[in-house]
Structure formats: structure tokens, C-alpha cells
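A quick write-up on the structure given underneath.
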């Protein structure tokens with residue numbers, strides 16, 4: 001077990017250094033710093049940074065204001081019976097959906113809502129707000145509030161009903177229960193999701209380009225793109241923007257880790273308490289009788305559907321079905337799926353290794369384990385701060401002896417796509433890894449079970465649903481990934497998102513619409529079908545092996 | 001039947017299969033020898049942009065017509081190199097790595113030409129030019145080494161159903177676009193990331209001179225959005241987001257083909273409109289391969305021939321560079337400006353211009 005753990009952690013470190021550390025440090029070592037400081041002294045870089053900060057800040061605030069109550073409501077609906085738990089899983093799946101959408105599809109959908117001809121523009125959205133900073137903030141909030149709601153709902157659903165009942169019996173009012181019971185439980189997940197939203201808004205690219213209306217609405221990421229494009233791949237001009245972006249994404253991580261050390265420590269001890277009390281939704285024994293139908297549950301799923309799925313299908317209802325027979329479409333789908341077979345396993349190795357390493361290190365008394373955990377935590381915090389464009393360019397420049405973007409490199413695509421997705425997998429898996437069933441594991445070992453046997457019968461049933469759901473989420477995200485594929489595809493032909501862009505360029509708008517529908521359906525399929533199939537397969541395998 | 005005849009017939013019946021086999025083997029050996037004796041085809045590698053080489057693009061149609069014409073002596077391998085800026089990067093990278101890479105580039109425009117010229121086969125002592133270069137329209141010819149094959153005139157495309165007052169009310173001068181009813185009614189591509197946007201910027205700079213900055217500043221409120229590329233811009237236009245988009249006069253031909261001849265119309269101005277010239281060039285990589293150089297020149301001869309030029313309109317939605325090419329019905333009577341300006345700026349001039357533009361639209 002310890003050898004496997006060492007190999008796993010070694011693999012995570014190696015992959016991160018190959019994909020991020022070496023390219024970024026190699027890139028920084030080649031830079032003419034005099035020129036960079038001169039550019040940093042120019043006010044235009046700072047005005048772009050100011051606008052980036054402004055839109056990211058307000059997008060995060062609004063995502064929190066809307067996402068937290070929604071998450072508390074959805075997560076607070078009890079899930080006692082298998083039917084209720086499966087209902088809850090579906091609702092969580094609906095909230096997860098926007099995250100697997102390619103930003104182009106999401107942007108097109110938002111145009112259908114808040115563009116000059118948009119559905120909302122006719123009723124509540126002033127036309128003058130279209131193609132402005134307000135439109136960017138709207139799209140970021142619509143895209144991210146479901147993530148905040150999901151993380152809060154997941155945490156809320158894990159708070160044992162007994163604890164709340166006990167607090168109520170002991171005379172705690174709603175405000176006191178919120179302050180002393182819910183908030184400390186929810187705070188780590190809330191802070192981590194808000195940091196994630198802030199970082200995502202800082203590095204957001206397509207939504208800003210599509211909905212911002214162009215200069216003067218420019219963020220650091222769009223400036224990096226125009227600088228790179230302008231100078232034909234020379235990144236010197238893009239570096240000041242990339243540095244400011246890195247600083248901006250790292251800042252909240254540093255501040256939150258300094259401020260919330262005590263909160264995290266307290267939460268960890270509470271989680272231990274929760275475990276020792278046998279708490280947690282997944283461990284509640286099923287009721288003997290199915291509870292009566294709950295309209296509140298239906299409304300919650302309906303609201304989740306309205307904000308999580310419905311907006312993305314509005315613009316593409318009139319797509320033409322005949323395009324489904326197009327050979328180019330089949331080939332592009334095949335290529336996209338083939339790429340996932342490379343990048344998904346790497347992303348899962350990174351995500352699982354990182355989340356389990358950090359969780360274990362936080363519990364461990366050994367200094368080495370704690371340092372490893374800190375390093376892995378830092379990687380997760382740092383990685384979303386790197387622009388995909390900068391990472392691709394840096395990767396190419398450092399490995400140019402072996403990797404030529406024009407020749408194409410599946411290895412580069414696989415590694416860089418995995419690097420882009422793994423922080424999200426880490427965040428999804430960490431809570432599960434952070435609260436192992438230590439008492440049950442110890443009991444299993446005392447009763448003669450091997451470490452593997454104990455893990456298989458105690459931990460796996462708890463971890464596998466989260467693991468499969470994160471696998472589905474990652475697969476959906478990778479389907480729509482564009483930057484890395486564009487950079488390193490070489491002559492290997494187009495993936496589905498690239499084919500859609502190609503069709504638009506050739507005036508083939510009907511085909512592009514249908515392509516978008518296929519892409520969204522595939523992404524949705526990945527989010528729901530992979531977890532369900534994998535979970536069923538895992539249960540069958542367990543039954544066989546038992 | 002005489003005994004001799006019987007013997008002969010019998011022997012023929014017996015030997016027929018063997019004779020057939022013998023004949024087959026002779027043909028196969030002969031064919032093999034013939035193909036072994038004939039020289040292998042010269043393979044030319046061509047870099048171009050994505051949509052040019054796409055299945056419905058001009059590239060595949062041109063290449064197959066050329067290979068048919070040369071009876072397989074020359075084969076063309078099209079290599080997609082992203083957009084024109086990526087194409088330039090790739091040529092530079094090949095040169096740094098001393099890699100053979102491409103023998104020809106197709107689809108470079110006048111702005112890219114100035115930056116790719118150093119990599120092109122155009123030695124001073126070699127005055128070669130395609131045989132029928134004189135048949136090309138005068139405004140498409142830039143300089144030796146650049147072989148124009150098509151061009152497009154940039155123009156504002158109007159959705160006349162949504163344009164206030166319809167097509168008749170469309171402005172005829174550039175200043176007319178600054179009128180208040182047109183506020184947030186136009187879509188222009190970002191000049192930093194798109195060729196049409198850059199064409200607009202360079203044209204206004206050339207025509208308006210020192211007053212250009214003032215014009216850009218007053219023009220910004222008229223723009224609804226500045227998307228990164230032509231495809232996004234045109235997509236928004238067709239979605240009905242704005243009634244006008246910066247595109248090509250040939251976009252009208254596309255809509256005519258779709259049966260929408262009255263709705264989408266191009267407008268040109270009295271001061272003139274800018275044009276984009278697309279061309280091809282042989283790279284210096286062929287200098288050590290005389291057979292490739294010869295084949296590449298043969299291809300350029302073909303590229304401006306009547307046969308190849310006739311493919312341009314419906315395959316690339318551009319106008320043929322050659323005079324007198326018979327155009328499809330949808331391309332006839334397209335809007336033609338009184339003056340076509342072909343803006344050409346050096347790399348440093350472009351950088352300076354873009355800086356001025358960025359400052360002007362932010363202020």
C-alpha cells in the first residue's frame with residue numbers, strides 16, 4: 001500500500017512538473033525582464049488588470065449571493081430512501097451540467113438570452129447592457145452559480161440530521177444553528193468554490209470575447225491572446241499580462257489559506273466527529289417505507305434544470321437532423337472520443353493522487369507527509385492561474401526538440417488537457433478523501449481483513465460514486481476542450497468543437513448548430529451515463545467477488 | 001475434322017489456362033517494368049490555412065484538377081497550417097530548424113507577404129514569373145514572387161430588413177456611418193486578430209491620414225462588438241444581433257446562391273473600399289531541389305489559368321485575380337467601388353498603427 005502510494009504521489013509530481021513546472025520555469029528563464037518591466041510600467045496593462053479584477057470580483061459575489069441559498073435549499077431536502085438519494089444525485093448532476101459545456105456553446109446560449117435579439121432582452125435585460133462588462137458578469141454568474149450551489153448542496157446534505165435536531169432540542173434558534181452548525185461545516189467548501197469561481201472568471205476567455213463586445217472590454221486572458229496572435233507566437237508582449245494574471249489567481253488562495261487555518265482545523269475535527277457519530281448521508285440506513293412524494297424536491301430539480309440545462313438548449317432547437325449523417329461529424333466525434341481515452345486516465349490519476357495526497361498529509365503526523373500535502377495543495381492552487389494559451393506556448397518552447405505543434409502531439413494534448421482539468425477533480429474528490437471511515441477500517445483490520453480488503457469493503461462504496469461522477473464531469477469537460485487541441489493537433493484532423501468552428505467559417509450554420517447539439521448531448525451523456533454505468537458495473541463486480 | 005485439327009484443338013483446350021496465365025504475367029511484369037522505368041511523381045508540399053484545405057474548400061478542387069492535368073507527374077500534399085499568422089510562424093520555424101517543410105504557400109495576403117518575403121524564392125538574378133501573369137488584374141499584382149490568385153473587396157454587408165430605411169437609406173460615404181441612428185448597429189472584427197479588421201484599420205489610416213484617430217474614436221460607439229474573427233462576426237450578423245457587418249462584397253453572392261438576394265446587400269463608398277489579395281509563393285526550400293522548383297512553377301502557371309480561376313468563386317467565395325474569367329450568375333453585378341485600395345504596411349508600421357488604434361478606442 002505504501003509503495004503504491006509513493007508511486008502514485010511520485011507520478012503526480014512528475015506529471016505536474018512535466019506539464020506545468022518545467023515549461024513555465026523554462027519560459028521565465030528565457031525572458032528579457034527589462035522589456036517586461038518596461039511594459040508593466042505602461043498604464044494599459046494595469047487598466048486591463050483592473051477590469052479583469054472588477055468583473056471577476058462581481059461575478060464571484062453574485063455567484064455566491066445566488067448560489068449559496070440555492071445550494072442550502074437543495075442540499076437541505078432530506079435524502080433518506082434509495083429513491084430520494086437517486087433523485088438527489090440527479091439534481092446534483094443537473095447542477096454539474098454547465099461545467100462540461102464548451103464555453104463556445106455556453107456563450108452562444110447566453111447570446112440567445114442577453115444578445116440584442118435575446119429572450120431576456122425583450123423583457124428585463126436592457127439592450128444597452130448587451131456586449132458590455134455587465135453581459136460578461138451575467139454570463140460568468142450564470143455559468144458559475146450552479147457550481148457554488150452544487151458544492152454547498154453537497155456539503156449541506158452531509159450534515160447529519162441528528163446534529164441539527166439536537167441543536168434544535170437544546171434551544172438553538174435558526175440564526176444560532178446557521179452560525180454554529182452550518183457555517184463552520186460549509187465554510188471550507190464555500191471558500192474553495194468561490195476561489196475556483198474567481199480564478200475561472202480571471203482566466204475566462206471565450207465568454208469575454210463573445211459577450212464583452214471587444215476593446216475596451218478586455219481581460220488579461222484576451223490581451224494575452226491578442227498579443228500572441230499579433231506577434232505570431234512571440235510571447236514577450238504577452239508576459240506582463242500573464243504575470244499579472246498569475247498574481248491575481250494566486251492572491252485569494254494565499255489570503256484564504258492564511259486566514260482560515262483555524263477554521264479548517266476546526267472543520268477537520270468536526271468531520272472526524274461527524275464520522276465517529278456515524279453521520280453522513282451515504283451511511284444512513286434506508287427507511288423501511290418510501291416517504292410520500294415531496295413537491296419541494298420536484299421544485300428543486302425544476303429550478304436546477306432551469307438554470308443548469310434549459311438555457312443551453314434554447315438557441316439550438318431548430319438544428320437540422322439530416323446533419324447527423326455527415327461523415328465529417330462522425331469522424332470528429334470519433335477523434336474527440338479517442339482523445340478522451342488518452343487524457344481522461346491521466347487527469348484522473350492526477351486528480352485522485354492529488355486529492356488523496358493532500359487529505360492524507362493533512363491528517364498525518366509525519367513532517368514529510370505534511371510537506372507533500374502542502375506542495376500538492378499549492379499545485380492545485382497554482383494551476384488554474386496559468387492561461388491555457390501560455391501553457392501551450394511554454395510547453396512547445398521548452399520541449400520543441402521533441403514536440404512540434406505543427407506535426408501534432410497526442411502526448412502534449414493528453415498531458416495538458418489533464419493538467420487543465422485535474423484541479424476540478426481534486427476539488428470534487430477532496431472532501432471524500434478527507435473523511436475516511438477510520439473506525440470501520442480499524443475494525444475491519446482487527447477482524448482479520450487485509451488493507452485492500454478493508455478498503456474495498458469500507459471505503460470503496462463511499463468513494464466510488466464521487467469518483468465516477470468526477471470521471472463523468474472530466475470526460476464532459478475534455479470533450480469540449482479547444483485550446484490544447486488547436487495548438488497540438490497537427491495534421492490529425494478536427495475534433496468536434498473545431499469542426500463546429502470550421503463549419504461556421506464556411507457559412508454552414510445549420511451544420512454548426514447540429515454539431516453544437518451533438519457536443520452538448522455527448523457532454524451531458526458523459527456527466528450522467530459514465531457515473532451510472534460505472535457504479536452499476538462496480539456493484540456487479542463487488543457482488544461477484546463477494 | 002482432320003486428325004491434325006483435332007490434335008491442335010485438343011492441345012489448345014489443354015493449354016488455354018496456361019496461355020491466359022502467361023499473358024497475365026507478361027502484362028504484370030510489363031506494367032511493373034514500365035512503372036519502374038517511369039520516374040516517381042514529384043510531391044509538392046503546400047502550406048495553407050484551414051478552410052482553404054477543408055473538404056469543400058478551393059484547395060482539394062485545385063489539387064485534383066492539377067494532378068489530372070499533369071497525369072500524375074506531380075502530386076500535391078496540402079498541409080493545413082491554421083490561420084495566416086500560424087502559417088507564417090510555421091514557415092519561420094521550419095527555416096530555424098532547417099527543415100524542408102513546405103515548397104509552396106497558398107493563401108497569404110498582402111499584409112503577411114511583407115513578413116514572409118524573406119523566405120520566398122525570388123533571387124535577383126532569376127526573373128521567372130508565371131507565363132500568363134500579364135492576364136491578372138492590375139490591382140492584384142504586388143511584386144515579383146507573389147502570385148495573386150484571388151481577391152476580395154471589403155465592404156459593409158447590410159441586413160436590409162433590419163437596417164433603418166432599408167438599402168436605399170444606406171450611407172454612400174464613410175462619414176455617413178457616424179450618424180446617430182447607426183449607434184451600436186455595426187459589427188467589425190478586432191484588427192489585432194483578424195484580416196478583415198486589419199484591412200479596415202489600414203484603409204482608414206491610409207485614406208484619412210492624421211484624422212484617422214478621431215474617426216476611430218467617433219466610430220467606436222457605432223460598433224456593437226468587435227469579435228476576434230470573421231466567422232464569429234458573421235455568425236452574430238446572421239443571428240440578427242446587428243444589421244451590418246464588415247465582410248466582403250462576395251458575401252452577397254453567397255446569399256444570392258441561398259435565394260436571399262434582396263435581404264443581404266453589400267454597400268461600397270465613394271472614397272473607395274479596401275481589398276485583400278490572396279496569393280501563392282514558392283519558398284526558398286526548393287532551391288536545392290530543381291525538380292520541385294520546376295513542379296512548383298508549373299503549379300503557379302496552372303493556378304492563374306482559366307481552368308483554375310473558374311473554380312475560385314464558388315469554392316473560395318472570392319473574386320478571380322485573372323481578367324475575363326466567366327463568373328457564376330450569383331457573382332455577376334456585385335457592388336464595385338469606384339476605387340479599390342490595397343493597403344500594405346510593414347510589420348513595424350502595423351505595430352504602431354495598432355497601438356494608436358488601441359489608445360484611441362480606449363479614450
Can you find a residue that is buried (at least 21 other Cβ atoms within 10 Å of the Cβ) and modelled with pLDDT of 85 or more anywhere in region A:174-188? yes
Name the single residue, out of those in region B:212-244 being assigned to a strand (DSSP E or B) and in contact (Cβ under 8 Å) with a residue 40 or more places away in the chain, that is farthest from the other protein chains (Cβ to nearest Cβ). B:244
Conditions (1) closer than 28 Å to residue A:210 by Cβ; (2) buried (at least 20 other Cβ atoms within 10 Å of the Cβ); (3) modelled with pLDDT of 90 or more; number of the one not met by residue B:230: (3)
Single match in A:224, A:228 (criterion: surrounded by 23 or more Cβ atoms within 10 Å (Cβ to Cβ) and modelled with pLDDT under 85): A:228
Residues in region B:80-101: is at least one touching a strand residue (DSSP E or B) at 6+ places or on another chain (Cβ under 8 Å), buried (at least 19 other Cβ atoms within 10 Å of the Cβ), touching a residue at least 12 places away in the same chain (Cβ under 8 Å) and closer than 18 Å to residue B:303 by Cα? no
Taking the condition of being touching a helix residue (DSSP H, G or I) at 6+ places or on another chain (Cβ under 8 Å) and either within 14 Å of chain A (Cβ to nearest Cβ) or within 22 Å of residue A:117 (Cα to Cα) (or both), how many residues in region B:253-279 meet it? 7
Filter result (assigned to a helix (DSSP H, G or I) and at the interface with chain A (Cβ under 10 Å from one of its Cβ atoms)) within region B:92-117: B:92, B:93, B:94, B:96, B:112, B:115
Given (1) at pLDDT 90 or above; (2) within 11 Å of another protein chain (Cβ to nearest Cβ), index of the condition residue B:73 fails: (2)
Need at least 3 residues that are under 17 Å from the mean Cα position of the chain (by Cα) per element, so show me which helices (runs of 4 or more DSSP H) inside region B:261-363 make the cut, counting only ones lying wholly within it. B:290-303, B:306-309, B:312-316
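Per-residue answers, yes or no, for (1) touching a helix residue (DSSP H, G or I) at 6+ places or on another chain (Cβ under 9 Å); (2) under 18 Å from residue A:388 (Cα atoms); (3) touching a residue at least 12 places away in the same chain (Cβ under 8 Å):
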residue	(1), (2), (3)
A:168	yes, no, no
A:188	yes, no, yes
A:197	yes, yes, yes
A:209	yes, yes, yes
A:223	yes, yes, yes
A:236	yes, yes, yes
A:239	yes, yes, yes
Examine region A:144-166 for a residue that is free of Cβ contacts under 8 Å to residues at least 24 places away in the same chain, in contact with a helix residue (DSSP H, G or I) (Cβ under 8 Å, 6 or more places away or on another chain) and away from chain B (no Cβ under 14 Å), and state whether such a residue exists. yes
Return yes when residue A:365 is assigned to a helix (DSSP H, G or I) and either under 30 Å from residue B:79 (Cβ atoms) or away from chain B (no Cβ under 14 Å) (or both) and no when it is not. no
Selection from region A:79-136 of residues part of a helix (DSSP H, G or I) and without any contact (Cβ under 8 Å) to a residue 24 or more places away in the chain yields A:86, A:120, A:121, A:122, A:123, A:127, A:128, A:129, A:134
Within region B:131-147, identify whether any single residue is within 20 Å of residue B:288 (Cα to Cα), within 14 Å of another protein chain (Cβ to nearest Cβ) and under 17 Å from the mean Cα position of the chain (by Cα), and answer yes or no. no
Looking at the structure I just gave you, is residue B:164 part of a loop (DSSP other than H, G, I, E, B) and under 29 Å from residue B:58 (Cβ atoms)? no
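The values are calculated or read from the model by the stated rules, or taken from the named source; none is laboratory data. This is a predicted model, so every value here is computed, not measured. A quick note on method: Cβ atoms are made from the backbone with ideal geometry, for glycine too, and the neighbour counts reach across all protein chains shown.
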